[in-house]
1. What does the C-alpha gyration tensor say about the overall shape of region 470-572? Classify as rounded when a/c is under 1.5, otherwise prolate if a/b is larger than b/c, or oblate.
2. Using a simple spin-label model with points 7 Å from Cα along the Cα→Cβ vector, what separation in nm is obtained for Ser283 and Val513?
3. List, in order, the whole-Hz ³J(HN,Hα) value for each residue of region 433-439 obtained from phi through the Karplus relation with A = 6.51, B = -1.76, C = 1.60 and θ = phi - 60°; use x for Gly and Pro.
4. Simple spin-label model, 7 Å along Cα-to-Cβ: Ala134 to Ala471 in nm?
5. Taking the number of other C-beta atoms within 10 Å as the exposure measure, put Tyr492, Tyr415, Tyr310 in order starting with the fewest.
6. Apply 1/(1 + (r/R0)^6) to the Cβ-Cβ distance of Ala91 and Thr188, taking R0 = 60 Å, and write down the FRET efficiency to the nearest 0.05.
7. Could you compute the FRET efficiency for Glu536 and Glu291, with r as their C-beta to C-beta distance and R0 at 56 Å, rounded to 0.05?
8. Give me the extension gain from Glu428 to Ala156: residue separation times 0.36 nm, minus the current Cα-Cα distance, reported in nm with one decimal.
Amino acid sequence: MGIFDFRWWRDEQNRGAVTSILGALKIVVPALLVVAAFFGFQVLQPERTADPVPAIQTGDNSPVQTGSGNQIIAGDNANIVIGLTFEQHKAELQERLAQREARLSEAHGEERDRLLSEIATLAEKLANAETDYAATVEELRHLRQELESIANDAPAEKLAAALDALSDGDRSLADSLLAEVEEQSADTIKTAARAAFTRGEIAEQEIRWADAATHYARAARLDPSFDRLKKAADFADRAGRYTAASRLSEKFLRIARKEGTQEQLALALNSHALALSAMGLYSSAEPFHREALDLRRGTSAEENPFFAIYLGNLASTVQAQGRYEEAEALFREALEIAGKTIGEAHPDYAIHLNNFGLLVQARGRYAEAEGLYRKALRIGVMKIGEAHPHYASYLNNLALVLAEQRRYLDAEDLYRQSLEITKGTLGEAHPKYGVRLNNLAGAVRAQGRLEEAEDLYRQALEIRRTSIGEAHPDYATNLGNLASVVEAQGRYAEAEPLFRQALEITREALGEVHPSYAIRLGNLGRLLGETDRVAEGREMLEQALAIFRATLPVDHPHIATAQRHLDALPAP
């Protein structure tokens, strides 16, 4: 009996485990930011995206999630009759889509971003209408049971009317009634929390994600159970609010340690590790990833696709700390398990390919990385479509490796496509939008359009500052990129403090034996050499070269570039 068999789904333990898994899967799409002038394009480690299951870390510096993002908890009583027909359900989806498309022409700013995101999701639901219908029927059964559970707290006539409407798929009266119960039950915390959580489920089903985030957060505040904290953390992450996601995931990890099953504990460990990685705290995240793996190792779980996801997440965190050989072995094991368990045509397999491509690219094997990204894109086109955030990540990463090979025009076109999808699905304030804006700036800079590139870098830096903070190693990369384009315009005195700030942030976040630290060191050393402080510049370039040789393959392009800059300095 498969996971999508509703008899299996109605088992509470199974449902709880999968609900948590879906929320945890944030495939980290590490978004390689550009370090122009000195080394070209640098690989950054996982940022985060959102959608359900233990995150594979993808190539954009962010966990991307697999799954639809619309979690449905089935009711325990499959005998509840729902009068909504497939034709009615499909017509309702089409009507919602038409309504949003009609409002799009007059929308601006955040409202336009939200509408584009909802349009993409509704189009995806229509493309899989039969599956979505079956899931919606189960969701309506569950919602009906939730309404019946508050019978003692709701006016009988309003409850009866809401139940009748719900049988035909109309949730509006249910939402109104739940709002009333929530308001009247402020002293009855459990009831209010349940009403808020169910309102979150309604908003999620109707693709009103901002509303859903508000309701889930309120439910978690009122009654911080495992499932409620998990939902609230998932939506905080989806909005790019990583600090809030970390606090929430820490809370539900405490609950899982105290009273959860082994599966729930593994999920909570994995999810908290992803939240820490999103904040750039890779060494802190690694023990949680390893503990999650240890809980599942040695059991049949090793032949489970979620085990492959745990492996991939650990690999990305190891990669972020510069341990590339160890990371490659973990990625290969994850790919092998995923190939056996879900097959090579599955959308989640594309995420594994994408993440492995980031590692391969970081090791300087650009042609191999390009092949992996293109394969991920082919799977993405067939399985998730071209309006999906994951697809934007694949485009972004392919553009990165094209830029590494100096194919800047092709890279620029892909970056712009990726940006449009990201703008429509995640919005312009999301950290990943800042990542891709930065990457576009790198391609523009490489073509000599320095003023345009500087403007893009500054926009990206501000988005990153407000979303991830100034202590994050990815913020240091943004600073270094801005410094490089300022330097290229001859403003050395302005560039130097930016390079030094980027170096110090990287030292604090990643330590002094890391390729990213060597990049910062080399950039500053090169600048000093150009401004007649040759001895100091030489010392920094020599240190950078030594770090590269200790951490990268002997044929990596960074080593040759560092040596070339060192050789260009005047003899001592």
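Since every read-out is calculated from the coordinates, none of them should be taken as a lab result. This one's a predicted model, so the numbers in the text were calculated from it and none came from an experiment. With ideal geometry, Cβ positions are generated from the backbone for all residues, glycine too; neighbour counts draw on all protein chains shown.
1. Details: a/c = 1.77, a/b = 1.03, b/c = 1.72.
Because a/c hits 1.5 or more and a/b fails to exceed b/c, region 470-572 counts as oblate.
2. 1.1 nm
3. 5, x, 4, 6, 5, 4, 5
4. A separation of 4.8 nm, rounded to one decimal place.
5. Details: Tyr492 14, Tyr415 27, Tyr310 31.
Fewest to most other Cβ atoms nearby, the residues stand as Tyr492, Tyr415, Tyr310.
6. Numbers: r = 38 Å, r/R0 = 0.64.
After rounding, the FRET efficiency stands at 0.95.
7. Numbers: r = 44 Å, r/R0 = 0.79.
After rounding, the FRET efficiency stands at 0.80.
8. Values: separation 272, 0.36 × 272 = 97.92 nm, distance 4.53 nm.
Contour length minus Cα-Cα distance gives 93.4 nm.
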